[in-house]
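To start, the structure itself, in structure tokens.
The values are calculated or read from the model by the stated rules, or taken from the named source; none is laboratory data. Being a predicted model, the structure only gives us computed values, none of them experimental. We place every Cβ from the backbone using ideal geometry, glycine too, and count neighbours over all the protein chains shown.
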Amino acid sequence: MSRPPIVVRTLPALRGALTGLRARNATTALVPTMGALHDGHLTLVRLAKRRADRVVVSIFVNPAQFAPHEDFASYPRTWKADLAKLAAENVDLVWNPDVKAMYPDGFATSIVTEGPAVVGLEDRFRPHFFGGVTTVVGKLFTQCRPDVALFGAKDFQQLRVVTRMARDLDLGVKVIGAPTVRERDGLAMSSRNVYLSPEQRRAAPMLYRALKETAKRIGAGGRIEPAVAAGAKQVSEAGFALDYFEARHAETLAPIASTKAGPIRILVAARIGSTRLIDNIAV
Ligand code: AMP
């Protein structure tokens, strides 16, 4: 039997609801999302349930992480369907502030991150992005004060940045990464996949295929540089405009020249038509 979660849209309502949830020292997990929920998000919710007594999901399309030319206005918003999915998962609380509640008039403070936020991957192509993400996630953590928070490995650099931030700022939240959930053909689930035309959708799984083949070559002892070049070529030939296709140190995200230098993650970002997709894989 599913029961609808409590939905709150103001900070006083959030505080009241959290006090109720935390009765008898219950622990809480937070799953931050921008809505348009798919099985990737719901997997985070299911993992959250295993890590804490109560689960809070935030749904907030964060304007601060979109550049003016990006898709903030057209980002898919599917509130009713989202709520039904969260009810089916028995989520306890949905935090759904509006922009004014999150960024009141005169808002003038933000979180600046370095380390994994400035390694020349997403930050190179979306210079505004991590400032927007860390500021809103920092706010979500202080608003909800969860014991744990779940983030998907699909946004691998973001996972590293948020993990670092929680540690650096003593936010008292344990950040837990969850594996990427994929469609049957390998395409990483994303709210932005709805933008793809049927033809683009058919081409899109090439991102994962190229990642897998590159990881296999490097894992089998192949040199990193030619393996990455071959992967990049595969993606370009499938009709993508490549932002990056790179092998990096899986922890620091620094460039890495050999498997002996540490665990490797291969990361890709590429545009097909006006849709930008990202994905990554461990070697
Ligand atoms: P978003 O709503 O796109 O901001 O994503 C909210 C959270 O869901 C982030 O932690 C994402 O990394 C995670 N997420 C998005 N897509 C997937 C996926 N396919 N598999 C696992 N986690 C995902």
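If you check PRO205, PRO255, PRO263, which single one turns out to be out of contact with any strand residue (DSSP E or B) (no Cβ under 8 Å at 6 or more places or on another chain) and surrounded by fewer than 21 Cβ atoms within 10 Å (Cβ to Cβ)? It would help to see each step written out before you state the result.
Numbers: PRO255 fails: out of contact with any strand residue (DSSP E or B) (no Cβ under 8 Å at 6 or more places or on another chain); PRO263 fails: out of contact with any strand residue (DSSP E or B) (no Cβ under 8 Å at 6 or more places or on another chain).
Result of the check over PRO205, PRO255, PRO263: PRO205.
Does at least one position in the stretch 48-55 carry a residue that is touching a helix residue (DSSP H, G or I) at 6+ places or on another chain (Cβ under 9 Å), more than 10 Å from the ligand (Cβ to nearest atom), on the phi < 0 side of the Ramachandran plot and not aliphatic (A, V, I, L, M)?
Yes, the stretch 48-55 contains at least one residue that is touching a helix residue (DSSP H, G or I) at 6+ places or on another chain (Cβ under 9 Å), more than 10 Å from the ligand (Cβ to nearest atom), on the phi < 0 side of the Ramachandran plot and not aliphatic (A, V, I, L, M).
Output yes when any residue across the stretch 131-140 is in the same structural domain as ALA13 (by TED's automatic domain parsing) and away from the ligand (no atom under 16 Å from the Cβ), and no when none is.
So far as the stretch 131-140 goes, no, none of its residues is in the same structural domain as ALA13 (by TED's automatic domain parsing) and away from the ligand (no atom under 16 Å from the Cβ).
Do you know which residues across the stretch 141-160 are within 9 Å of the ligand (Cβ to nearest atom) and in a helix (DSSP H, G or I)?
Of everything in the stretch 141-160, those that are within 9 Å of the ligand (Cβ to nearest atom) and in a helix (DSSP H, G or I) turn out to be ALA153, LYS154, ASP155, PHE156, GLN158, LEU159.
Determine which member of the set ARG248, ARG217 is surrounded by 14 or more Cβ atoms within 10 Å (Cβ to Cβ), among the basic types (Lys, Arg) and under 29 Å from LEU196 (Cα atoms). Explain how you work it out, then say what you get.
On the way: ARG217 fails: under 29 Å from LEU196 (Cα atoms).
One residue alone meets the criteria, ARG248.
Which pairs turn up if I take residues in the stretch 176-188 that are under 18 Å from ARG160 (Cα atoms) and look for partners that are at pLDDT 95 or above and more than 10 Å from the ligand (Cβ to nearest atom) with beta carbon separation below 7 Å, at least 6 apart in sequence or on another chain?
ILE176/ARG51; ILE176/VAL148
Looking only at the stretch 206-216, which residues are farther than 15 Å from ILE256 by Cβ and touching a residue at least 12 places away in the same chain (Cβ under 8 Å)? Step through it out loud before you land on a result.
Step one: filter the stretch 206-216 for residues farther than 15 Å from ILE256 by Cβ, giving 206-213, 216.
Those that are farther than 15 Å from ILE256 by Cβ and touching a residue at least 12 places away in the same chain (Cβ under 8 Å): MET206, LEU207, TYR208, ARG209, ALA210, LEU211, LYS212, GLU213.
Please report, ordered by residue number, the strands (runs of 3 or more DSSP E) entirely within the stretch 1-93 with at least 1 residues that are in the same structural domain as ALA149 (by TED's automatic domain parsing) and without any contact (Cβ under 8 Å) to a residue 60 or more places away in the chain.
Values: elements: 6-8, 28-33, 54-59.
The qualifying strands (runs of 3 or more DSSP E) are 28-33, 54-59.
How many residues does the stretch 161-211 contain that are in contact with a helix residue (DSSP H, G or I) (Cβ under 8 Å, 6 or more places away or on another chain), within 14 Å of the ligand (Cβ to nearest atom) and of a type in the set (A, V, I, L, M)?
15
Which residue pairs have Cβ atoms closer than 6 Å, lie 6 or more positions apart in sequence or on different chains, and pair a first residue in the stretch 149-173 that is not assigned by TED's automatic domain parsing to the domain that holds GLY132 with a second residue that is among the basic types (Lys, Arg) and buried (at least 22 other Cβ atoms within 10 Å of the Cβ)?
Here the result reads none, with nothing in the stretch 149-173 linked to a residue that is among the basic types (Lys, Arg) and buried (at least 22 other Cβ atoms within 10 Å of the Cβ).
Checking VAL194 against (1) surrounded by 13 or more Cβ atoms within 10 Å (Cβ to Cβ); (2) touching a Pro at 6+ places or on another chain (Cβ under 8 Å), which test does it fail?
Every condition holds for VAL194 apart from (1).
Which of the residues spanning the stretch 1-47 are more than 16 Å from the ligand (Cβ to nearest atom), among the aliphatic types (A, V, I, L, M) and surrounded by 13 or more Cβ atoms within 10 Å (Cβ to Cβ)?
Once the filter is applied, which keeps residues that are more than 16 Å from the ligand (Cβ to nearest atom), among the aliphatic types (A, V, I, L, M) and surrounded by 13 or more Cβ atoms within 10 Å (Cβ to Cβ), the stretch 1-47 yields ILE6, VAL7, VAL8, LEU11, ALA13, LEU14, ALA17, LEU18, LEU21, ALA26.
In this structure, does THR163 turn out to be closer than 24 Å to ILE264 by Cα, buried (at least 19 other Cβ atoms within 10 Å of the Cβ) and modelled with pLDDT under 95?
Values: closer than 24 Å to ILE264 by Cα: yes; buried (at least 19 other Cβ atoms within 10 Å of the Cβ): yes; modelled with pLDDT under 95: no.
In short, no.
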